[in-house]
Amino acid sequence: MDSFIIEGQKSLNGYIRLHGAKNSALPILASTILIHGVSVIHNCPDLSDVNETVKILESLGCKVARSGSTITVDATTVNSSSIDEQAMRSMRSSIIFLGALMSRATCASIYFPGGCDIGARPVDLHLKALKSLGAVINENGSSIECCAQKIIGGKIILPIPSVGATENIIIAAAVSKGRTTIINPAREPEISDLAGFLNNCGARIFGAGETTIEIEGVERLTPCEYTIIPDRILASTYMSACAITGGEIVIEDVLPTHLSPIFPAFNEMGCKLYLSGNILKICAPKHLKRVRSIKTMPYPGFPTDSQSPIVAALSVAKGTSVIKETVFENRFRYVSELRRFGADIDINEQLAVINGVKKLHSANVNATDLRGGAALVVAALAAEGESTVNYVNHIDRGYENLELALSSLGGAVKRIYNEKD
Ligand code: UD1
């Protein structure tokens, strides 16, 4: 597994453009198997999770090509409805193929997904919802078989607004008989992006981003060209990296409304934010201030994926910050690695109490998951001396060449390739 070597205490300055949103690219690519024809998806980030998704599409018989950030998927040749166990375990969002395959091939045969170890992450809501749409599901502990001769619209009430379950329902119900209503769906921008793509292909999905989604099933979808939204979590990671290094950066291609849940925290930290259309400038103070309280919540709340990088930044803020994680039960695993830099953070179940220290020192740390790994990079950027972050394969799942992006802003981040991989 590769590592990053980071020489800290270099403030970040300059311009950086966001790549496309990982969490949009994955469901949108999976949903292309519904479409008889060639889908053209622009702004697809070059991430290991996207590459795994492409491999799954190919294993199902799709012809996939990438040119720069554009991926074309020809799904006319889909000839399989099963995904092997290794591919399913490569990432959590492989579960999104369930609804798509069931719709395209009548039956889907898959395994329980893997992904970041940030909590139990069951898929009960996905399965229950698909049953409501007429699926017959057989599970045997490791594999899932899901069949429906015809997907029939229904009313689904989600007890929690699960992003993945909402996506699976939207994808499964897009081509169906009748009307599907989702009460309490996830409202994340990536849900609206998925609906936007499918609607461009002829689907009739209304209310994405709101508290009720209505889907009028259509008989067939036709191919379209679509551009994925910019990655708001990447923006929050750059902002955290800028904040901890006392830098001044301009982030291009932001969608301000998607970032509005995190702006108050950065303001409270003493950062100045300037917006001009799709451009955000962030100017960090020399010494960050603490944030009284942040609670992660489903959108439009503070995103759980932005929690780890901001905790890293707050580790050097003046005063004590408190962050409550309400979405995943095991999302502070990276904190024990963060302490190796000298961070003073107490974890009490879902609560992190961050007592800001004057400075961090260098450390040799292991990334434990995608966003936790990014938090370690943020800390290393501010630490005195040279730090090593190992297992950056976790980071590569969601950040495209993070070392190059941060180096272009003046950070000193080098990748060490591990020959043994
Ligand atoms: C997606 C995102 C992830 C983000 C998360 C929350 C992708 C590829 N990943 O993950 O980056 O952190 O949303 O914004 O888009 N749950 C159940 N049963 C289920 C499904 C979920 O109990 O069947 C629980 C989960 O354990 C978790 C909560 O619901 O506690 C939210 O999970 P969910 O919104 O489904 O997250 P993901 O779709 O896995």
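The values are calculated or read from the model by the stated rules, or taken from the named source; none is laboratory data. What you are looking at is a predicted structure, and each value in this text was computed from that prediction instead of being measured. Backbone-built Cβ (ideal geometry, glycine too); neighbour counts: all protein chains shown.
Would you confirm whether or not segment 367-383 contains a residue that is exposed (fewer than 15 other Cβ atoms within 10 Å of the Cβ), β-branched (Val, Ile, Thr) and at pLDDT 95 or above?
Taking every residue of segment 367-383 in turn, none turns out to be exposed (fewer than 15 other Cβ atoms within 10 Å of the Cβ), β-branched (Val, Ile, Thr) and at pLDDT 95 or above.
Give just the number: which of (1) assigned to a helix (DSSP H, G or I); (2) over 23 Å from residue 220 (Cβ atoms) does residue 44 not satisfy?
Unmet for residue 44, out of (1) assigned to a helix (DSSP H, G or I); (2) over 23 Å from residue 220 (Cβ atoms): (1).
For segment 184-204, check the following and say yes or no: at least one residue is within 16 Å of the ligand (Cβ to nearest atom), among the polar types (S, T, N, Q) and over 30 Å from residue 355 (Cα atoms).
So far as segment 184-204 goes, yes, one or more of its residues are within 16 Å of the ligand (Cβ to nearest atom), among the polar types (S, T, N, Q) and over 30 Å from residue 355 (Cα atoms).
Grab the strands (runs of 3 or more DSSP E) fully contained in segment 212-257, keeping just those with 3 or more residues being closer than 22 Å to residue 270 by Cα, in contact with a Cys (Cβ under 9 Å, 6 or more places away or on another chain) and not basic (Lys, Arg).
Output list reads 248-252.
Looking at segment 215-229, I want the residues that are within 18 Å of residue 191 (Cβ to Cβ) and have a partner that is buried (at least 20 other Cβ atoms within 10 Å of the Cβ) and among the charged types (D, E, K, R) with Cβ atoms under 6 Å, at least 6 apart or on another chain. Which pairs are those?
The qualifying pairs are 229/193.
Residues are listed down the side, and each one gets a yes or a no for (1) among the polar types (S, T, N, Q); (2) in contact with a Phe, Trp or Tyr (Cβ under 9 Å, 6 or more places away or on another chain):
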{"site": "31", "(1), (2)": "yes, yes"}
{"site": "61", "(1), (2)": "no, no"}
{"site": "96", "(1), (2)": "no, no"}
{"site": "110", "(1), (2)": "no, yes"}
{"site": "114", "(1), (2)": "no, no"}
{"site": "121", "(1), (2)": "no, yes"}
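Based on this model, can you work out whether residue 321 counts as in contact (Cβ under 8 Å) with a residue 24 or more places away in the chain and part of a strand (DSSP E or B)?
Judged against the criteria, residue 321 is a match.
Of all residues in segment 123-167, which are closer than 19 Å to residue 216 by Cβ, buried (at least 23 other Cβ atoms within 10 Å of the Cβ) and touching a Ser or Thr at 6+ places or on another chain (Cβ under 9 Å)?
129, 133, 151, 156, 167
Would you confirm whether any residue within segment 50-65 is in contact with a Leu (Cβ under 6 Å, 6 or more places away or on another chain), in a helix (DSSP H, G or I) and within 16 Å of the ligand (Cβ to nearest atom)?
yes
Looking at segment 393-412, which of its residues are more than 21 Å from residue 11 (Cβ to Cβ) and touching a Leu at 6+ places or on another chain (Cβ under 8 Å)?
Hits for segment 393-412 are 394, 395, 396, 397, 398, 400.
Filter segment 203-219 down to the residues that are in contact with a helix residue (DSSP H, G or I) (Cβ under 9 Å, 6 or more places away or on another chain) and either modelled with pLDDT under 95 or of a type outside the set (D, E, K, R) (or both) and list them by number.
Correct list: 203, 205, 206, 207, 208, 209, 213, 215, 217, 218.
Would you be able to tell me the number of residues in segment 211-239 that are under 20 Å from the mean Cα position of the chain (by Cα) and either over 30 Å from residue 378 (Cα atoms) or away from the ligand (no atom under 16 Å from the Cβ) (or both)?
The total comes to 4.
Which residues, counting only those in segment 375-421, are among the β-branched types (Val, Ile, Thr), outside any loop (DSSP other than H, G, I, E, B) and farther than 24 Å from residue 317 by Cα?
Correct list: 395, 416.
Can you find even one residue in segment 279-296 that is at pLDDT below 95, over 19 Å from residue 358 (Cα atoms) and more than 16 Å from the chain's Cα centre (by Cα)?
Within segment 279-296 (the criterion being at pLDDT below 95, over 19 Å from residue 358 (Cα atoms) and more than 16 Å from the chain's Cα centre (by Cα)), the answer is no, since none of the residues qualifies.
From (1) surrounded by fewer than 18 Cβ atoms within 10 Å (Cβ to Cβ); (2) within 22 Å of residue 162 (Cα to Cα); (3) touching a strand residue (DSSP E or B) at 6+ places or on another chain (Cβ under 8 Å), pick out the condition that doesn't hold for residue 114.
(3)
Could you check how many residues of segment 10-66 are of a type outside the set (Gly, Ala, Ser) and free of Cβ contacts under 8 Å to residues at least 40 places away in the same chain?
Count: 10.
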